[in-house]
Amino acid sequence: MYRVIIIEDDPMVRALHIDYVQKNKQFKVESVFKNGREAMDFFANGGETDLIILDYFMPIMDGGQFLHHLCKSGKSIPVIMITSLDDVSLIQDFWGLGVIDYLLKPFAYDRFSHAMDKFLKMNEIKKSGRRITQEELDLFFCMGEEHQEKRLDKGMQSKTLETLVEFLKEHPDEVLTAKKIADELLLSKVTVRRYMGYLVKEGFCENQIDYATGGRPSICYICKKGVFDTWEMQ
């Protein structure tokens with residue numbers, strides 16, 4: 001299990017990050033801190049971690065200052081930075097200070113999950129000792145998204161689509177609402193409707209309107225058993 005520390009001064013955001021991290025059983029939140037100084041004290045006292053979730057705007061020691069102090073201390077720990085900061089010059093600096101992914105607030109859980117998966121993939125390659133492929137290298141430097149998603153509708157991600165397809169394979173011939181799918185997969189209803197619309201357009205699923213909801217009519221989706229037997233993510 002990988003240890004994670006979270007450095008974030010907003011208690012509500014901090015709680016959200018804890019929840020997101022612990023949805024993946026391969027990670028455990030080791031400690032949480034309100035600023036970079038508290039985190040540096042943690043390391044000075046012998047604390048260790050495998051991954052850092054880091055905010056930028058914090059009192060006493062912000063995320064950028066923390067990264068520089070961490071680097072000077074000689075520690076090399078992967079960092080996922082999550083913030084509203086959108087200064088390109090600063091972002092460039094962060095890539096050289098251990099940041100493996102950068103998430104702009106607000107973001108969806110699936111994007112957070114993608115960042116965590118990137119960390120897992122990096123560690124898998126390190127442990128195996130094998131040579132890295134160009135596709136994997138593109139993933140780590142966030143350059144492969146356009147190439148990987150070029151066969152999908154603009155803005156769609158293959159990972160999210162695959163997650164949805166796997167869920168649908170387990171629920172053949174069931175009448176499913178966007179809310180039920182969203183609740184099960186921890187996605188937004190808007191995201192589910194978009195991806196289900198794509199599957200309907202491609203002929204993998206059918207949609208129908210349920211007028212028996214007692215309120216506004218609801219769109220439901222049905223995927224027949226075996227329809228994904230020949231599915232292959234392009």
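Taking loop as defined by DSSP and a crowding limit of 15 other beta carbons within 10 Å, which trypsin sites (Lys or Arg not before Pro) in the range 1-50 fit?
Listed in order of number, the matching sites are Lys23, Lys25.
Which FRET efficiency value, to the nearest 0.05, is calculated for Asn24 and Arg130 with the Förster distance at 25 angstrom and r the Cβ-Cβ distance?
Computed FRET efficiency for Asn24 and Arg130 comes out at 0.60.
Beyond a 24 Å Cα-Cα separation, which of these cross-linked pairs lie in this structure: Lys118/Lys201; Lys34/Lys105; Lys25/Lys72; Lys118/Lys224; Lys180/Lys201?
Beyond 24 Å between Cα atoms: Lys118/Lys201; Lys25/Lys72; Lys118/Lys224.
What is the fewest-to-most order of Ile7, Ile60, Ile82 by other Cβ atoms lying within 10 Å of their Cβ?
The order, fewest Cβ neighbours first, is Ile60, Ile82, Ile7.
So for the range 158-222, considering every pair of alpha-carbon atoms, how many percent are separated by more than 18 Å?
Counting every Cα pair in the range 158-222, those more than 18 Å apart make up 29 percent.
Set the Förster distance to 25 Å, then compute FRET efficiency between Leu16 and Ile60 from the Cβ-Cβ distance, nearest 0.05.
For Leu16 and Ile60, the calculated efficiency is 0.70.
Going by C-beta contacts inside 10 Å, put Asp55, Asp86 in order with the fewest on the left.
Asp86, Asp55
Mind checking the range 11-105 for GluC sites (Glu not before Pro) that DSSP puts in a loop (not H, G, I, E or B) and that have at most 13 other Cβ atoms within 10 Å?
Loop-located and lightly packed - Glu48.
All of the numbers you see were taken from the coordinates with simple rules; none came from a lab. Owing to the predicted nature of the structure, the values given are computational and were not obtained by experimental measurement. Neighbour counts are summed over all protein chains in view; Cβ atoms, including those assigned to glycine, are modelled from backbone coordinates with ideal geometry.
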